[in-house]
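Accompanying notes for the structure given below.
The values are calculated or read from the model by the stated rules, or taken from the named source; none is laboratory data. Please read all numbers here as calculations on a predicted model, not as lab measurements. We place every Cβ from the backbone using ideal geometry, glycine too, and count neighbours over all the protein chains shown. The accessibility values were calculated without ligands, DNA or RNA, using every heavy atom of the protein model including side chains. Shrake-Rupley method; radii C 1.70, N 1.55, O 1.52, S 1.80 Å.
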Amino acid sequence: MTGPMTYRAAGRPLCAAVLAALLFAALTVPARSSAAHGAHPDPGRIAPVVFVHGQQGSAQQWQSQAKRFSSNGYPDSLLHAYEYDTTVPTDTHAIEGLETFIDAVLARTGAAQVDVVAHSRGTRVMHAYLADPARAAEVRRYVNLDGRSADAPPGGVPTLALWGSLQPNGSIGGAVNIHQPDKGHTETATSAEGFAHIHRFLRGREPLTTRVLPQPPGLVRIEGKVVSFPQNTGLAGRLEVWRVDPATGARQGHRPRHAVRVGADGSFGPLPVHGLLRYELAFVREGERTSHFYTEPFERSDRFLRLLVSPPGGVADFVDACPGHTSLTVSRQREWWSGSAAGTDDSLRIDGTEVLSPGVAPPLRQILGVFVFDRGCDGVTELGAALPPFDRVPFLTAADLYLPAAPEADGTLTVAQTLRGTGETRTLAVPNWPSDRHTVSVQFKDYPDTVFGRGSGGR
């Protein structure tokens, strides 16, 4: 919900966390029709939602919005993310795959039409897709996020168009056009404000909340895929889920909480986790470096979790690896900005050193992922400018920072972000794995926190 963080009920203050708990309880009261994580209106009156990502995207881009839909009573069975290979320059494969995907969603749900939410290159795919009247007839409403302009709603489908900082002058004739020039390109698709517009357009009313409402911690489940970046093809191997010490990132216990085989499609889960604890997800393959993923607590079940692994010939080939230093990839689905005209910047500090600067993460580059490693393995830090070739790769950047590693990874690195516009700082601790045998990814949420039983804020 928007507005003040303090509410009143029966003459007493009601904090945001209590409000979230009450809203969650209201949505989870047993009813004639109920979802796994909350009661919902008659599914026959809610169209399934199909999310279509943009360049170098995946279902990961839709994690927060899917959880907001879920927080507002949408059952998981009505939320679907379509993924395709954006390294292919043409869209024919994406359009054909989307047709098959939507047909499958309609068959599974019994619905006559779907709502589609597309972002960036995904809007180009959708405009071509909806040019076919038979395809357009299966789409009830369409949301176009900071992408393609047009003289009329594509396919004649009722359209909402949100425009951010990359397309500040975008327009679709006859559509509902809303301009948000203060939002990053991806932030247009992932923000709470964007969700409010989308929900209002799809449902004809305000959402109950724009927050990701935390569930009771024991009910949280995670489900997703291990995929190559950015092809979105599945990877087979073993996934281990470890509980970790929040202060050090070190594994707790002698065995992982879960250890599962991942098949060729990369799928895993659903796996139970505790919503207040922190975890490491380790992907292990014979003859390959172990990929370690560190996340913030999963306050709500997540079906769109993606563990992105760079394949041979991918961006990771440009990251220098040696036994003496740790390399990190820090990401979130909201742009990292430094040197913005408004003066509201993000901060990303690793072991106390600020990594972001106008040379590393200028707003115009719309940075989502920051690679941090010791360039040349020379033990020297040289910050200030993005490292090549990352300075030319869309949405990615890299900085030269020496982070000493230990053979047994018994040291700790702290990764702290401060979100622009909120001042909220959140910190994740990770072990100092040697980069010749390990990759380390740190995944931050793109929204301010709400923890079950506590107010919002940092941890």
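Points to keep in mind about this one:
- Restricting attention to segment 113-136, the residues being without any contact (Cβ under 8 Å) to a residue 24 or more places away in the chain and in a loop (DSSP other than H, G, I, E, B) number 1.
- Residue in segment 219-238 that is touching a residue at least 24 places away in the same chain (Cβ under 8 Å), open to solvent by 10 Å² or more (accessible area, probe 1.4 Å) and of a type in the set (G, A, S) present: yes
- Within segment 188-203, the presence of a residue that is of a type in the set (K, R), in a loop (DSSP other than H, G, I, E, B) and at pLDDT 95 or above is excluded.
- All positions within segment 255-289 that are over 23 Å from L213 (Cβ atoms), among the basic types (K, R) and surrounded by 15 or more Cβ atoms within 10 Å (Cβ to Cβ): R257, R285, R289
- Odd one out for T100 among (1) more than 30 Å from K183 (Cα to Cα); (2) buried (at least 18 other Cβ atoms within 10 Å of the Cβ); (3) hydroxyl-bearing (S, T, Y): (2)
Let's see how each residue does on (1) closer than 17 Å to Y74 by Cα; (2) in contact with a Ser or Thr (Cβ under 9 Å, 6 or more places away or on another chain):
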position	(1), (2)
A189	no, yes
H199	yes, yes
P217	no, no
V220	yes, yes
N232	no, yes
G253	no, no
H258	no, no
G266	no, yes
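- Residues in segment 246-279 that are within 19 Å of T439 (Cα to Cα) and in a loop (DSSP other than H, G, I, E, B): T248, G249, A250, P256, G266, R278.
- Qualifying residue in segment 414-424 (condition: out of contact with any helix residue (DSSP H, G or I) (no Cβ under 8 Å at 6 or more places or on another chain), outside any loop (DSSP other than H, G, I, E, B), open to solvent by 20 Å² or more (accessible area, probe 1.4 Å) and of a type in the set (G, A, S)): no
- If only residues of segment 137-157 that are open to solvent by 60 Å² or more (accessible area, probe 1.4 Å) and in contact (Cβ under 8 Å) with a residue 40 or more places away in the chain are counted, the one that is nearest to S58 (Cα to Cα) is R141.
- Test result for T326, modelled with pLDDT of 95 or more and surrounded by fewer than 20 Cβ atoms within 10 Å (Cβ to Cβ): no
- Residues that are open to solvent by less than 10 Å² (accessible area, probe 1.4 Å) and among the β-branched types (V, I, T) were ranked within segment 106-136; the one that is nearest to Q63 (Cα to Cα) is V117.
- H197 vs. criteria open to solvent by 20 Å² or more (accessible area, probe 1.4 Å) and touching a Leu at 6+ places or on another chain (Cβ under 8 Å): yes
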